[in-house]
Every structure is written in structure tokens, then in C-alpha cells.
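The values are calculated or read from the model by the stated rules, or taken from the named source; none is laboratory data. It should be emphasised that the depicted structure is a prediction, and the values quoted were computed from it without experimental measurement. Note that we place each Cβ from the backbone using ideal geometry, even for glycine, and neighbour counts take in every protein chain shown. The accessibility values were calculated without ligands, DNA or RNA, using every heavy atom of the protein model including side chains. Shrake-Rupley method; radii C 1.70, N 1.55, O 1.52, S 1.80 Å.
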Amino acid sequence: MHSVDTVKTRLQGQPTANPPKYNNMFHAYGTILREEGVARGLYSGVTPAMSGSLPGTTLYFGTYEYTKRTLTAAGCPDTLAHLAGGSIGDFVASFIYVPSEVLKTRLQLQGRYNNPAFISGYNYKNTWHALQMIVKYDGVGALYQGYRATLMRDVPFSALQFAFYEKFKTEARKWEARPDGQMSLHIETLCGGVAGGLAGFLTTPLDVMKTLLQTQVKKPANASIGTTSTGTVVAQKYYTGIWDGLKWNLKHHGVIGGLFRGVGPRVFWTSLQSALMFVMYEQALHLQDNMRHFGQWPYGSS
């Protein structure tokens, strides 16, 4: 799904100009593929994305399951337990995945090295070079640039995603009424996809701000990019925070062009990602249950 995420990042972070370089998801996908290729264009930033994915997801799901089961066993309502589990799981994982997200987002927006097709304000040779340059010129703290915006996006996203999924799963099991009490594969996939899509849609404004805060360069003395249809120069906006960015984008670009910029690829990405994730997640839980039941390793001596 990384190429779709790259398209989303480009749509959200492209310089203000009229007409814009990318009109929509499909136009952006085709343009990046044609101008920059697959590896250095659509899949730029894939290395830090995968590097942060394994440890981040391990912490995320481990914390979610532990929190959910502990709260449920203590008599907490299911929906509240799912919301809390998703939120706390994301917070714990954020210390690992936010630095990888900063690297990934900057490399996605930049595209290939010395890229003539897109101006981003950054020009890194690779992931290691990006890490070195960020630490050297901006300090280690820059790896957590946009940390609050990332948490404000991901904590509600995770909470909503799991709450929606658990609710849909409960209703689907009642509707299917299978003897084993489980969902069929296509219903399981549908529940995960709809849950991820809804959560992705509702948190898009925060995702836009996360992208803009993580990729903006230091405040310029006087910088301008692009022109309007009348030929007037458009100044580059420097965002001082999440609220400042939300108000400015709403005022100057409206709801769709400002707050929900890139909503198409975001919903597409979160839907498919969640569908795949929850199917694999449920299969892993089923496998563990069977291993416990039969006393297989590591749950028994056999």
C-alpha cells in the first residue's frame, strides 16, 4: 500500500499553486510513475516505513490486546475497552514509529534525489543520509517533528478503527450465526475495510496537518511558491501548530481542498490496509487459540 500513501502525501504536501501539479489521486499516481518511476518515485520512503513497522506494530498490538483484556476482565464496557486499547497501544508505539514516519514522509514528498519533477525543500540521497542530515542540522528532536499532530491523528484513528471493527464483528457474528461463532473470510475482510475507511475519513484533517508539519522546512525569511490564476505570487505558509494550520487551510482552501486534501487515497489506503491487517490479526488469534487448546508449543510440552 506504500505507493498509495506516497500519492496521498504528495497531494497533501504539494506547493500552493494554480493550477496544482496533481489534480487527484489517479492523476498524481500516473504523473509520479511517468516522471519519477516506481522505486524512487512511488516507493520513495519505503525503507524507513518498513523499518519502523515491525517494532511499532509489535508494541501496538501487544499493548492493545493486554489493555483490552485487562479492562474487559475488570468489568469495563467493551466499547470503552476497545477505544482505550487502541489509544494506549498507539501512544506506546508512537515513540518508535514517529521518527520512521518523519523520514518516510520527507522522502515521499521529495521523491528521487535531485528530483526535477517536484520541489519539496528536501534533497536526501537515501534513508541514512536523511537521518544524518536531520540530526546534524536540526537536532534529534526534529525526528519527532509533528509528534503531537501524529498522535492527534493516530490515537483517535486507532481508537475509532478498533471500536468500529469490534462493533461490526459482533453484529456480523450475530447475522451469520455460524456454529463456530466466527466470521466468514469475506465478511471479516469487509468489516476491517469499512472500519479502516471510516476511521481514515474522520481523521483526514489531522493527517493533512501531520504531513504539513513534518515536511515543512525552517521558517523562511521570505519565500514564495507558485502563482495564482491572476499571476499573483503565493507565499509559502509556515505552520506554527495544529490549530493554526487547520484554521489557515479552512480559510484559504476550504473544507475539501484544505481540511480533506488527499482524502481519496487516504480512505482507499486505510480501507485496504485495515482489511488485510484484521484478517491476518484474526487468523493469528485463531491459530493461538488452537495451539492453546491442543497444548502445542509454546503453550505446552508437545
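Before moving on, here are some points about what is shown:
- Pair list, Cβ under 7 Å, 6 or more apart: region 169-184 residue without any contact (Cβ under 8 Å) to a residue 12 or more places away in the chain, other residue open to solvent by 70 Å² or more (accessible area, probe 1.4 Å): G181/R173
- Unique residue being among the hydroxyl-bearing types (S, T, Y), out of contact with any helix residue (DSSP H, G or I) (no Cβ under 8 Å at 6 or more places or on another chain), surrounded by 12 or more Cβ atoms within 10 Å (Cβ to Cβ) and at pLDDT below 85 when the list is T240, T227, T232: T227
- Check on A117, free of Cβ contacts under 8 Å to residues at least 60 places away in the same chain and either touching a strand residue (DSSP E or B) at 6+ places or on another chain (Cβ under 6 Å) or not polar (S, T, N, Q) (or both): no
- Region 250-302, subset aromatic (F, W, Y) and part of a loop (DSSP other than H, G, I, E, B), residue least open to solvent (accessible area, probe 1.4 Å): F260
- Residues (buried (at least 19 other Cβ atoms within 10 Å of the Cβ) and polar (S, T, N, Q)) located in region 128-152: Q145, T150
- Once region 46-94 is narrowed to residues that are among the hydrophobic types (A, V, I, L, M, F, W, C), open to solvent by less than 70 Å² (accessible area, probe 1.4 Å) and within 15 Å of the chain's Cα centre (by Cα), the residue that is farthest from T9 (Cα to Cα) is A93.
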